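Novice: One structure coming up, written as structure tokens, with questions to follow.
Every number here is computed from the coordinates shown, using simple stated rules; none is lab data. Computed from a predicted model, the values in this text were never measured in an experiment. Methodologically, a virtual Cβ is constructed for each residue, glycine included, from the backbone with ideal geometry; neighbour enumeration extends over all protein chains shown.
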Amino acid sequence: MKKEILTAACGLFLTLGIAAQDRVIVVHEAPPPPKTEDMPPAPAEHSDWSWHPGYYRWTGTAYEWVPGQYVQAPRPHATWVSGHWINRDGGWIWEEGHWSQQ
């Protein structure tokens, strides 16, 4: 009986944790225009890495610039689709960047 209750409680906490991650935050202040970044050459030892451009993230009180960086793809032929702000639901919503298979 105790094992079943413990299992159910763990399942509930995991479900609540996953639901909290799906929460959408609407920012009622438009993001600033993206900064112009000079993309540096890829490091010689990582010439196949992908450039992730910088973006503004919301801190809860203001936008903060996150500079671009080179990142290794998780699998061959994956392409980075940059995150971006979308004007929706009476405010601005951040659409996360993600890897796409080509």
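Novice: Near the amide H of Ala73, under 5 Å away, which other amide H atoms are found, from residues 5 or more places off or on another chain, if H is placed in the peptide plane?
Specialist: Ser50
Novice: Now for a different question. Determine which residues of segment 44-62 fall in the zone a paramagnetic label at His28 would reach in this model, i.e. backbone nitrogen under 18 Å from the point 7 Å along Cα→Cβ.
Specialist: The answer is 58-62, whose backbone nitrogens lie closer than 18 Å to the label point.
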